[in-house]
1. Can you pull out the residues in region B:26-59 that are within 12 Å of the chain's Cα centre (by Cα) and at pLDDT below 90?
2. Determine which single condition B:His88 fails, assuming it passes every other condition in (1) surrounded by 14 or more Cβ atoms within 10 Å (Cβ to Cβ); (2) within 12 Å of the chain's Cα centre (by Cα); (3) not basic (Lys, Arg).
3. Which residue is nearest to A:Thr163 (Cα to Cα), if the candidates are limited to region A:1-35 and must be of a type in the set (S, T, N, Q) and out of contact with any strand residue (DSSP E or B) (no Cβ under 7 Å at 6 or more places or on another chain)?
4. If I go through region A:96-113 residue by residue, how many of them are open to solvent by 10 Å² or more (accessible area, probe 1.4 Å) and at the interface with another protein chain (Cβ under 9 Å from one of its Cβ atoms)?
5. With region A:202-305 as the region, which helices (runs of 4 or more DSSP H) entirely inside it contain at least 3 residues that are over 20 Å from the mean Cα position of the chain (by Cα)?
6. Specify the residue that is modelled with the lowest pLDDT; the eligible residues are those in region A:192-209 that are within 14 Å of another protein chain (Cβ to nearest Cβ) and open to solvent by 70 Å² or more (accessible area, probe 1.4 Å).
7. Looking only at residues in region A:1-40 that are part of a loop (DSSP other than H, G, I, E, B) and over 18 Å from A:Ala58 (Cα atoms), which one is most open to solvent (accessible area, probe 1.4 Å)?
8. Across region A:78-95, what is the number of residues that are touching a helix residue (DSSP H, G or I) at 6+ places or on another chain (Cβ under 7 Å), in contact (Cβ under 8 Å) with a residue 12 or more places away in the chain and open to solvent by 20 Å² or more (accessible area, probe 1.4 Å)?
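The values are calculated or read from the model by the stated rules, or taken from the named source; none is laboratory data. If you're wondering where the values come from, they're calculated on a predicted model, not measured in any experiment. Reconstructed Cβ throughout: ideal geometry from the backbone, glycine too, with neighbour counts over all protein chains shown. Heavy atoms of the whole protein, side chains included, go into the accessibility calculation; ligands, DNA and RNA do not. Shrake-Rupley method; radii C 1.70, N 1.55, O 1.52, S 1.80 Å.
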Amino acid sequence: MRSLIDILELTVGEIDELIETACDIIEHPAKYKDACRGKKLATLFFEPSTRTRLSFEAAMYELGGNVLGFSEAQSSSASKGESVADTVKVVSCYADIIAMRHPKEGAPLVASMKADVPVINGGDGGHNHPTQTLADLLTIRREKGRFENLVIGLCGDLKFGRTVHSLIAAMSRYEGVKFVLISPEELKLPGYVKRDILKKGGVEYLETTDLERVMPELDVLYMTRVQKERFFNEEEYVRLKDSYVLTPEKLRAAQETLSILHPLPRVNEISVAVDDDPRASYFRQALNGKYMRMALILKLLEVSA
Amino acid sequence: MNIDAIRNGIVIDHIRAGGGMEIYRLLNLEALDCSVALIKNVQSAKMGRKDIIKIDRTLDVDLDALGYIDPDITINLIRDGELIEKHHPELPDRITNIIRCKNPRCITTTEQELKQVFKLTDRKERVYRCIYCEARAK
């Protein structure tokens, strides 16, 4: 039995397989509509997340399965002080697979060590969010047609942005990828990510505070939100939240083939006026997330269409 | 300063100067009722200065824990006044319940009776990270 806690637990080959399955689901949805008939997914969300939870639930319904669970800690036994270990042991009695989000980093790993069914990490604090990375990867593959030889701009909160760290880890495994890291000084990519992933892997990268200057170079621009919940200090959040706002004016210098990604939700870091630009890929990215979650559920439950 | 030689016991040698007390506490030596000597700042040709601990009794020592705290130490086992074994602990791949994760967002801060496990992620730099949240051990 296998779980998915960290994107790097998947080999490049396994990611290719998931992408292949997701593409097949997109082309032949009817083939998969009963693939998980009689199976149940438990969504244990100890922290609210509309999009990730709904995406998991939609994925399971489209595979013909059922869903049970809770969407905040207050409506679970965690509010009575129950441990993660006990919760998942009990849920293992009722469900075939678990998707979990938890504010504490490492909680899904603890769950996977204790549960009798596969556990998918749906985000643990500022740590990992592998299914977001799967959504990002399918989007890059579908929009650009390849992973190799791409210049990927990452903009905004690169310090606390877990999706950024996971995407860097996943994309660093492909040939010829270059990262352009665009952030205010205070939200720069942590030294250990640069050292352990980029420098160790010999991956080319550039750090800058100036989005407009590097815009023409980019094949992909991954925007992020400065997340209020990652700050202990409100003042610091307010000071940094408007560091970068993507507007149609700033996009004038960009390539015609640029793809703009964002893990969503956005606050104001992408102007609504950008949404109609064909280069805006973020809503397609949210849809891709559902297909990759479907592919992942099939893989972890070891069922096929 | 003269410290009697021991007949059956352990000599922990080549402890980084000033590190003896940490090892003394880690091995819970204050609980022993036999003779225990902690000798600080001994002249050493190799290290300049070093600490030494002599324990006049045989006991199981946690080599992983010692390897984490000071991988350069030497553990000498003495039987009938003779040196019978010498160990050089290696930096262990994993350490359990020796240090605690300091990340306030880590699940170890709230989950009941969860083991504190750290893994070695960079042998050269001696970096350990919490297996749950991957925060670097301090």
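1. Correct list: B:Leu26, B:Leu27, B:Asn28.
2. With (1) surrounded by 14 or more Cβ atoms within 10 Å (Cβ to Cβ); (2) within 12 Å of the chain's Cα centre (by Cα); (3) not basic (Lys, Arg) applied to B:His88, the lone miss is (1).
3. Selected residue: A:Thr11.
4. Selection size over region A:96-113: 5.
5. Values: elements: A:211-214, A:234-240, A:282-301.
Where helices (runs of 4 or more DSSP H) fall fully within region A:202-305 and carry at least 3 residues being over 20 Å from the mean Cα position of the chain (by Cα), they are A:211-214, A:234-240.
6. My answer is A:Tyr192.
7. Keep residues of region A:1-40 that are part of a loop (DSSP other than H, G, I, E, B), which gives A:1-3, A:5-6, A:10-11, A:28, A:33-39.
Okay, now just the ones that are also over 18 Å from A:Ala58 (Cα atoms), so A:1-3, A:5-6, A:10-11.
Numbers: A:Met1: 133, A:Arg2: 87, A:Ser3: 19, A:Ile5: 14, A:Asp6: 35, A:Leu10: 4, A:Thr11: 74 Å².
Among them, the one singled out is A:Met1.
8. Pass one, region A:78-95, residues touching a helix residue (DSSP H, G or I) at 6+ places or on another chain (Cβ under 7 Å): A:78-79, A:84-85, A:87-89.
If we keep only those that are in contact (Cβ under 8 Å) with a residue 12 or more places away in the chain too, we end up with A:78, A:84-85, A:87-89.
Restricting the remaining residues to those that are open to solvent by 20 Å² or more (accessible area, probe 1.4 Å) gives A:78, A:89.
Matching residues across region A:78-95 total 2.
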